[in-house]
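The block underneath contains the structure these notes are about, expressed in structure tokens.
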Amino acid sequence: MLETGMKAPDFELMDKDGNTHRLSDYLGKRVVVYFYPRDNTPGCTRQACAFAAAYEDFKSIDAVVIGISKDSVASHEKFAAKYELPFILLSDPELQAIQGFGVWQEKKNYGKVSMGVVRSTFVIDENGNVEKVMPKVKPDTNAAEVLAYLKG
């Protein structure tokens, strides 16, 4: 997993509308990149809705919010529409950013071991460096914790 002070790897991924986004597009702004396992699952939905509820607060401090999972563009489109998610959702089926940020890891669930996305959040500074790493975050409190951190 990336650590504080490291250069965040640039990526090129599509959003729910088929538009391409690169992390480097947002140089000059603080960017919150949160990785989550799957659209329309209970924890991921709560996390996304919490970011949506706080979205105006993130905008007021000029912070960009980007959610990334390996779900398809079509899945993101439905997820965003269903829950009125106003921020960027990026599709990473090839695990480009997911592996680049080091969040594709071994997970244990009921004794079964598999590879998957570890729910993690990164704050990227204006120069594209990792400012804060929040591994294994809780879906219900993640957005508020990030906002509190950004507001100092």
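Laid out as a table, the results:
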{"item": "Condition broken by residue 85, with the remaining ones in (1) in a loop (DSSP other than H, G, I, E, B); (2) surrounded by fewer than 18 Cβ atoms within 10 Å (Cβ to Cβ) satisfied", "result": "(2)"}
{"item": "Conditions (1) among the charged types (D, E, K, R); (2) surrounded by fewer than 17 Cβ atoms within 10 Å (Cβ to Cβ); (3) touching a residue at least 24 places away in the same chain (Cβ under 8 Å); number of the one not met by residue 107", "result": "(3)"}
{"item": "Residues within segment 10-25 that are open to solvent by 40 Å² or more (accessible area, probe 1.4 Å) and either in contact (Cβ under 8 Å) with a residue 60 or more places away in the chain or assigned to a strand (DSSP E or B) (or both), tallied", "result": "8"}
{"item": "So residue 126, is it in contact with a Lys or Arg (Cβ under 8 Å, 6 or more places away or on another chain), over 17 Å from residue 36 (Cα atoms) and surrounded by fewer than 14 Cβ atoms within 10 Å (Cβ to Cβ)", "result": "yes"}
{"item": "Within segment 33-50, tally of residues that are under 22 Å from residue 129 (Cβ atoms) and either hydrophobic (A, V, I, L, M, F, W, C) or open to solvent by 20 Å² or more (accessible area, probe 1.4 Å) (or both)", "result": "2"}
{"item": "Subset of segment 119-152 (residues that are assigned to a loop (DSSP other than H, G, I, E, B), charged (D, E, K, R) and over 13 Å from residue 1 (Cβ atoms))", "result": "125, 126, 138, 140"}
{"item": "Sole exception among (1) more than 19 Å from residue 98 (Cα to Cα); (2) open to solvent by 20 Å² or more (accessible area, probe 1.4 Å) for residue 58, by number", "result": "(2)"}
{"item": "Options 68, 98; residue that is surrounded by 14 or more Cβ atoms within 10 Å (Cβ to Cβ), touching a helix residue (DSSP H, G or I) at 6+ places or on another chain (Cβ under 7 Å) and either part of a strand (DSSP E or B) or touching a residue at least 24 places away in the same chain (Cβ under 8 Å) (or both)", "result": "68"}
{"item": "Whichever residue in segment 135-149 is over 16 Å from residue 98 (Cβ atoms) and within 12 Å of the chain's Cα centre (by Cα) and, among such residues, is most open to solvent (accessible area, probe 1.4 Å)", "result": "139"}
{"item": "Filter result for residue 61 (within 13 Å of the chain's Cα centre (by Cα) and touching a residue at least 40 places away in the same chain (Cβ under 8 Å))", "result": "no"}
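The values are calculated or read from the model by the stated rules, or taken from the named source; none is laboratory data. From a predicted model like this one, the values you see are computed outputs, not experimental measurements. Ideal geometry is used to build each Cβ from the backbone, glycine not excepted, and the neighbour counts take in all protein chains shown. Accessible surface is based on the protein model in full, side chains and every heavy atom, while ligands, DNA and RNA are left aside. Shrake-Rupley method; radii C 1.70, N 1.55, O 1.52, S 1.80 Å.
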